[in-house]
Amino acid sequence: MSQSAPVQRPGSVTFIVVLMWILAIFEVIGGIAAVLVSFKSLTPQQAAQLLAEGVTDLDQVRLAGIITIIFGILIMLFASGLKNGSNGARIFISIIVVLNILGNALGMGLLKVESVWSALLSIVLWLIVLAMLWTSRASAFFHSPR
């Protein structure tokens with residue numbers, strides 16, 4: 001019984017891997033920043049800014065920062081799996097992309113007019129990423145033997 005040769009990773013998958021790594025790095029940096037801010041004594045202006053944004057408990061900021069760091073690390077792990085052709089990683093990354101799309105769509109109703117265009121652009125870009133992840137070439141790569 002002969003096995004077919006592994007399919008070479010398409011450029012679109014490589015692009016998505018790089019994009020997910022960039023997203024993961026920003027998630028980790030943002031999480032670290034949130035944790036550091038939660039321990040830092042704030043000036044009255046900084047405290048007023050946080051209150052204006054609806055943040056009343058710095059423990060919540062710290063928890064959100066920790067969750068963001070963990071989320072960023074998970075994205076790194078699954079991006080590595082995506083690079084190696086893991087279909088499970090492709091499904092996880094697809095879920096992350098769909099959650100980003102939903103978050104942007106829900107947020108558009110709460111945003112100012114200038115930010116709506118940014119959210120709309122983000123939705124379009126995430127839809128392109130999702131489509132690239134599920135092309136026939138990408139599917140062949142994820143279903144080929146390793």
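The values are calculated or read from the model by the stated rules, or taken from the named source; none is laboratory data. Note that this is a predicted model, so its numbers are computed, not measured. Counting neighbours? That spans all protein chains shown, and the Cβs are built from the backbone with ideal geometry, glycine included.
What are the residues in the range 6-65 that are among the aromatic types (Phe, Trp, Tyr) and either at positive phi or in contact (Cβ under 8 Å) with a residue 40 or more places away in the chain (or both), if any?
Phe15, Trp21, Phe26
Keeping to the range 18-63, report how many residues are part of a helix (DSSP H, G or I), at pLDDT below 85 and not hydrophobic (A, V, I, L, M, F, W, C).
8
Spot the failing condition for Asn100; the list is (1) modelled with pLDDT of 90 or more; (2) touching a Phe, Trp or Tyr at 6+ places or on another chain (Cβ under 6 Å), and only one is missed.
(1)
Please return the ranges of helices (runs of 4 or more DSSP H) entirely within the range 64-146 where 3 or more residues are loosely packed, with under 13 Cβ neighbours inside 10 Å and of a type in the set (A, V, I, L, M, F, W, C).
Once the helices (runs of 4 or more DSSP H) in the range 64-146 are filtered for at least 3 residues that are loosely packed, with under 13 Cβ neighbours inside 10 Å and of a type in the set (A, V, I, L, M, F, W, C), what remains is 87-108, 113-133.
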